[in-house]
Amino acid sequence: MEQLPHELKRGKALFRDRIRRAGLPESVASPADPENFLGVMETGLRHFGLRTLDTMLQDSVLVDLGYVDATALSRAREDAERAALVPDLLCDTIALEVGLRSLM
């Protein structure tokens, strides 16, 4: 399998060079603050994650593999119901579950 030389992959150099050659400004080719969807994902999980968590309580890859305790997950679900936002650790657990399911 052929691969690009490391210097073209580092920092997406090849991609950024193509953007520059297409005539786009440096702010597009190499923005000071790169785009990141973490905030969007966290907001979605915090506001809609409890539905996913309900599904996890019925069938969870993480529980089945022994990485998450089903009783603790159920208790965390009850606590999250009363909280204004889904706690970070629960968001991370939901995100990991969704990621694992996407590989199946």
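Could you give the nm distance between label points at Thr71 and Asp17, where each point is 7 Å from its Cα heading toward the beta carbon? Between Thr71 and Asp17, the label points sit 6.0 nm apart. Spin-label model, Glu78/Ser30: points 7 Å from Cα along the beta carbon direction are separated by 5.5 nm.
Ordering Ala70, Gln58, Leu8 by the projection of their Cα atoms onto the charge dipole of the chain, which places +1 on the Cβ of Lys and Arg and -1 on the Cβ of Asp and Glu, puts Leu8 at the extreme positive end.
Using Cβ point charges alone (K and R +1, D and E -1), the dipole size of the chain about the Cα centre works out to roughly 540 debye.
Using only DSSP helix segments of four residues or longer, with each worth -39500 (n - 2.57), what per-residue ellipticity at 222 nm results for the chain after dividing by its residue count and rounding to 500?
Numbers: 7 runs with 70 residues, N = 104.
Mean residue ellipticity at 222 nm (helix-derived): -20000 deg cm²/dmol.
The residues Glu78, Glu42, Glu97, when put in order of fewest to most other Cβ atoms within 10 Å, stand as Glu78, Glu42, Glu97.
Using alpha carbon coordinates only, what is the Rg to Rh ratio of segment 38-102, with Rh defined as the Kirkwood radius? Display every interim value, and only then the final one.
Details: Rg = 10.9 Å, Rh = 11.7 Å.
Rg/Rh for segment 38-102 comes to 0.93.
The length gained by stretching the chain between Leu96 and His6 to full extension, at 0.36 nm per residue less their Cα-Cα distance, is 29.4 nm.
Laboratory data are not the source of any read-out in this text; all were calculated from the coordinates shown. As the structure is a computational prediction, the values presented were derived from the model and not from experiment. Cβ atoms come from the backbone with ideal geometry, glycine included; neighbour counts cover every protein chain shown.
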